[in-house]
Amino acid sequence: MKRRYRNCIHQYRLERGILQKQVVMLMGHEVTSLLSRHETGKEYPNLENALKLAVILEYPVEMLFTPLYEKLRHEVFKRWKNLGYELTIQLTPQGDCENQISRYRKRLGLTQEQVAKLMGSKSSGYISRFENGKKLPTLTNALKLGLVLKCPVEILFKERYKKIKQEIEEKKEDSIVFNRVNREN
């Protein structure tokens, strides 16, 4: 049997009084099976969908996936200690880049290699691809980045998060979305 992971998506959706069909429509999907797999812990969402869930449910990504976040937090902090990196905070100007990874990495005085090691990887190449916007990290890697860089995922990927939030707010304002779902139930 495939191992399941724990999360708080279902709990927070019920607290908000939102149906699965409504969440799925706001996410831009057609069927509820993907959301169901995330809620039951059968599979992690990609980062894009995790950010969408954070906007819809009005909870940070870290809180939606608290058990995973806590596990990763323990691993990352253990690596900080074992690698003996000193934490220095330097102020850097805020850029207009797609994400804030480079800015927060430099603010902490870390190299891409050090970030990769703290995340448990031997290669820093993918850190460069994340920073340049050539690749979007998995949910797990995004949470690790947030822990290493001491910054919430929503801030590391601020521009993407703002775009997703705007798209979802527009869909929420469109009463047809909710009326159509409610009529189907």
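Quick notes on this one:
- Taking a Cβ cut-off of under 12 Å around Ser124, the surrounding Lys, Arg, Asp and Glu residues balance to a net charge of +2, with basic ones at +1 and acidic ones at -1.
- Counted without the sites themselves, the longest stretch of the chain free of trypsin sites (Lys or Arg not before Pro) in a DSSP loop having at most 16 other beta carbon atoms within 10 Å is 43-121.
- Summing +1 for each Lys or Arg and -1 for each Asp or Glu among the other residues whose beta-carbon sits under 14 angstrom from that of Glu170 gives +2.
- Candidate lysines - alpha carbon under 22 Å from Lys122, same-chain residues fewer than 8 apart omitted: Lys71, Lys78, Lys81, Lys106, Lys134, Lys135, Lys144, Lys150
- Membrane-span-like helices in the chain, defined purely by DSSP H runs whose alpha carbon atoms cover 30 Å or more axially and whose average Kyte-Doolittle hydropathy reaches 1.6, do not occur.
- Furthest towards positive pole of dipole, Trp80, Pro67, Ser36, structure part the chain, Cβ charges: Trp80
- Helices in the chain, meaning DSSP H runs of at least 4 residues, each add -39500 (n - 2.57). Divided by all residues, the mean residue ellipticity at 222 nm is -18500 deg cm²/dmol.
- Ordered from longest to shortest, the equivalent ellipsoid semi-axes for the chain are 33, 19, 13 Å, each the square root of 5 times a Cα gyration tensor eigenvalue.
- Highest-fluctuation residue, Val61, Val31, Val23 considered, GNM on the chain with Cα pairs under 10 Å: Val31
- Cα-based reach from Lys172 at 20 Å (exclusive), listing lysines while leaving out same-chain residues under 8 positions away: Lys21, Lys52, Lys162, Lys163
Read-outs throughout are calculated quantities, based only on the coordinates presented, and are distinct from any laboratory measurement. Every value quoted in this text rests on a predicted model; they were computed, and no experiment measured them. All Cβ positions, even for glycine, are placed from backbone atoms using ideal geometry, and neighbour counts span all protein chains on display.
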